[in-house]
Amino acid sequence: MKNFTYSDELCHYGVLGMKWGIRRYQRRDGSLTKKGKEHFKQMRNISKSMKDDSYTISSKSGITFQRIGDKNETDTGRTYVSYKKGDNIKYIDMSGEGGIQGRYKISLKQISDLKIASGRAAVEAFLDTWENTKYEDMVNHIFSPDIVKGKETAYSKKKRVEAFDALVKASVDEKTLNMAYKQFSKGLMNGGEVTEKYFKNLSDKGYNAVIDENDKGWVENPLIVLDRSKTMKTKNVSELTQREKDEAIKWLYKHSRNS
């Protein structure tokens, strides 16, 4: 088992023998202690100094968005999309049996402006969520339970709590606060109350999309669209062909050699 590090990413659970406790900052009901209020104020000040990378894609841009999914999808709910050529090709490459995506290429037309949260705006919505969420709920969201035969072991729960406590304590500069946000973002795929609260915070701030931190780095501009019914309309659905996948592989090979 790897130890918890702060180098490039958060690694598994735990700092063995760690005695520091989050309870100094936050009570079980989610309310903050005096130390907690001071700590969150510090994180708020850090977030205010961060660069706001939010941007808007106009509905008049003529951009066609893509997602790889199921044949019978409807234009409702949240959805994951891409629009950069290289991003689209990478998702095609990962499609089909054995891949992480579906087998159909869905082309989507934009019907309203996309206001995309990134950088400071996304982190501030995260802090709003964190500050108003019960301790256990936040632990479970960021470090999901390791369930074995229908229940979690006391040891794995202890490691999750220790990892979360270390995460909070470390969030004292821009780098570590960003790390905390990215770790939080990994849990968004699982849904749940904390996820819904976060997306509502984004919506209340006027955003209808956010950068998907899970895929950022692997692709350039992956997006989570908060409400497809208000922003996207399906133009075309086609089953991906072997030729399209072969062409995607060739394109990726060519550009990896040139990079």
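The values are calculated or read from the model by the stated rules, or taken from the named source; none is laboratory data. Bear in mind that the values here come from a model prediction, so they are computed numbers and not experimental data. Glycine gets a Cβ as well: all are built from the backbone with ideal geometry, and neighbour counts include every protein chain shown.
Of the residues making up segment 200-234, just one is hydroxyl-bearing (S, T, Y) and in a strand (DSSP E or B), namely T234. Looking at segment 230-244, is at least one residue closer than 16 Å to D87 by Cβ and touching a Pro at 6+ places or on another chain (Cβ under 7 Å)? Within segment 230-244, none of the residues are closer than 16 Å to D87 by Cβ and touching a Pro at 6+ places or on another chain (Cβ under 7 Å). Report yes if L240 is in contact (Cβ under 8 Å) with a residue 60 or more places away in the chain and touching a Leu at 6+ places or on another chain (Cβ under 9 Å), otherwise no. It is false that L240 is in contact (Cβ under 8 Å) with a residue 60 or more places away in the chain and touching a Leu at 6+ places or on another chain (Cβ under 9 Å). Considering only residues in segment 110-164 that are in contact (Cβ under 8 Å) with a residue 12 or more places away in the chain and of a type in the set (V, I, T), the one that is farthest from K51 (Cα to Cα) turns out to be V161.
Scan segment 60-73 for residues that are in contact (Cβ under 8 Å) with a residue 24 or more places away in the chain and more than 17 Å from N214 (Cα to Cα) and jot them down. Residues satisfying the conditions are S61, I63, T64, F65, Q66, G69, D70, K71, E73.
Of everything listed in (1) on the phi > 0 side of the Ramachandran plot; (2) modelled with pLDDT under 80, the single unmet condition for R24 is (1).
Within the set Y207, Y181, the sole residue that is under 18 Å from the mean Cα position of the chain (by Cα), over 23 Å from Y135 (Cα atoms) and touching a residue at least 24 places away in the same chain (Cβ under 8 Å) turns out to be Y207. Candidates in segment 165-199 are the residues that are in a loop (DSSP other than H, G, I, E, B) and under 15 Å from M50 (Cα atoms); of these, the one that is modelled with the highest pLDDT is D173. Between K71, K35, the distinction of being surrounded by fewer than 18 Cβ atoms within 10 Å (Cβ to Cβ), assigned to a loop (DSSP other than H, G, I, E, B) and not aromatic (F, W, Y) belongs to K71 only.
Of the residues making up segment 227-239, none is at pLDDT 90 or above, within 13 Å of the chain's Cα centre (by Cα), surrounded by 14 or more Cβ atoms within 10 Å (Cβ to Cβ) and within 29 Å of I92 (Cα to Cα).
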